[in-house]
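As structure tokens, the structure follows; a few thoughts come after it.
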């Protein structure tokens with residue numbers, strides 16, 4: 001999978017269209033390197049979930 005800068009580089013050189021989340025391309029939009037053509041209907045919220053195996057040896061360390 002190409003990195004986000006490679007994906008943004010093509011539309012910034014007038015060579016294409018890319019669907020990229022705005023939080024990945026805010027700098028390029030702010031610097032007028034690319035144009036925002038659709039804002040969407042619902043804001044996207046990125047959640048990070050962590051899961052821990054309950055049978056690990058160092059439970060005390062993790063609970064801190």
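Throughout, read-outs are computed from the coordinates displayed, never taken from laboratory work. Source: prediction; values computed, not measured. Neighbour counts are summed over all protein chains in view; Cβ atoms, including those assigned to glycine, are modelled from backbone coordinates with ideal geometry.
The fewest-to-most ranking of 33, 46 by surrounding Cβ atoms within 10 Å reads 46, 33. Taking the number of Cβ atoms within 10 Å of each Cβ as an exposure proxy, the fewest-first ranking of 48, 7 is 48, 7. Counting every other Cβ atom within 10 Å of each residue's Cβ, 14, 27 order from fewest to most as 14, 27.
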